[in-house]
1. Within segment 76-142, which strands (runs of 3 or more DSSP E) (wholly inside it) include 3 or more residues that are touching a helix residue (DSSP H, G or I) at 6+ places or on another chain (Cβ under 9 Å) and farther than 22 Å from L21 by Cβ?
2. Out of contact with any Cys (no Cβ under 7 Å at 6 or more places or on another chain), surrounded by fewer than 17 Cβ atoms within 10 Å (Cβ to Cβ), more than 17 Å from T128 (Cα to Cα) and of a type in the set (S, T, Y): does that describe T47?
3. Is it the case, given these coordinates, that A54 is in a helix (DSSP H, G or I) and closer than 20 Å to P14 by Cα?
4. Among residues belonging to segment 51-60 that are touching a helix residue (DSSP H, G or I) at 6+ places or on another chain (Cβ under 9 Å) and not aliphatic (A, V, I, L, M), point out the one that is surrounded by the fewest Cβ atoms within 10 Å (Cβ to Cβ).
5. Please tell me if G34 is over 21 Å from K13 (Cα atoms), modelled with pLDDT under 95 and buried (at least 20 other Cβ atoms within 10 Å of the Cβ).
6. Kindly provide the set of residues from segment 41-89 that are under 10 Å from the mean Cα position of the chain (by Cα) and among the polar types (S, T, N, Q), ordered by number.
7. Do we find that G76 is surrounded by fewer than 13 Cβ atoms within 10 Å (Cβ to Cβ) and modelled with pLDDT under 95 in this structure?
8. Could you tell me how many of the residues in segment 97-142 are touching a residue at least 40 places away in the same chain (Cβ under 8 Å), surrounded by fewer than 16 Cβ atoms within 10 Å (Cβ to Cβ) and more than 25 Å from G76 (Cα to Cα)?
Amino acid sequence: MVPSASTVTLTIKPDLSHVRLVRLVAVTLGRLNGIGEDVLDDVRLATGEACSRAVASHLHHGLAQPVEVELRGGDGLDVCVRDFVPLPPATGESAAEVLRQDMVEQQSALPEAIGLIEGVSDDVTVHTGEMGTTVEMRWSRA
C-alpha cells in the first residue's frame, strides 16, 4: 500500500534539545513513505545536522524566533529546514559556502554540516538570503 502524500510542519524553539523530536518525526514519516530501513539513519543524521545548524545560528545571532521544519511524504521524503538569520543571497554551492563561512565566524562545531548533508541525501538544495536560510533535503522511495 502506498501512503497518500502527507505534510508535517514543526516550529521549534532555538534549543538543541528539540532537534531530537524533529529527527524522530523525520524517521517515522520516512518509514511510512517507503524509505528503506538502510537509509533511515541517513535521514536521521541529515535532518539532525540541518536542524542543529539552524538552531545554533539562531542562538548565535540572538533570535528567539522558532526554526521551521516541513516534512513532506508521498513518493519518498522531503525535509525543509528554515532559519531566519539574514545572510547574503545565494543558491546551491554558493549558498553552502555562505553557510560554512557563517559557521566559521560563529566558531561553530558544525562547519561541515552542509557537506555531510549533501553526502547522505539523494538531493539537497540550499538557499540563503535576507529572510534566512532554507536547506531542502530529499530521499526517494526504496
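The values are calculated or read from the model by the stated rules, or taken from the named source; none is laboratory data. Keep in mind that what you see is a predicted model, and the values were worked out from it rather than measured. Positions of Cβ are backbone-derived with ideal geometry, glycine not excepted, and every protein chain shown enters the neighbour counts.
1. Details: elements: 76-82, 123-129, 132-139.
Filter on segment 76-142 gives 123-129.
2. On the way: out of contact with any Cys (no Cβ under 7 Å at 6 or more places or on another chain): yes; surrounded by fewer than 17 Cβ atoms within 10 Å (Cβ to Cβ): no; more than 17 Å from T128 (Cα to Cα): yes; of a type in the set (S, T, Y): yes.
The answer is no for T47.
3. Details: in a helix (DSSP H, G or I): yes; closer than 20 Å to P14 by Cα: yes.
Judged against the criteria, A54 is a match.
4. H60
5. Values: over 21 Å from K13 (Cα atoms): yes; modelled with pLDDT under 95: yes; buried (at least 20 other Cβ atoms within 10 Å of the Cβ): no.
So G34 does not fit the description; no.
6. Listed by number, the residues that qualify are T47, S52.
7. Working: surrounded by fewer than 13 Cβ atoms within 10 Å (Cβ to Cβ): no; modelled with pLDDT under 95: yes.
No, not satisfied.
8. Matching residues across segment 97-142 total 3.
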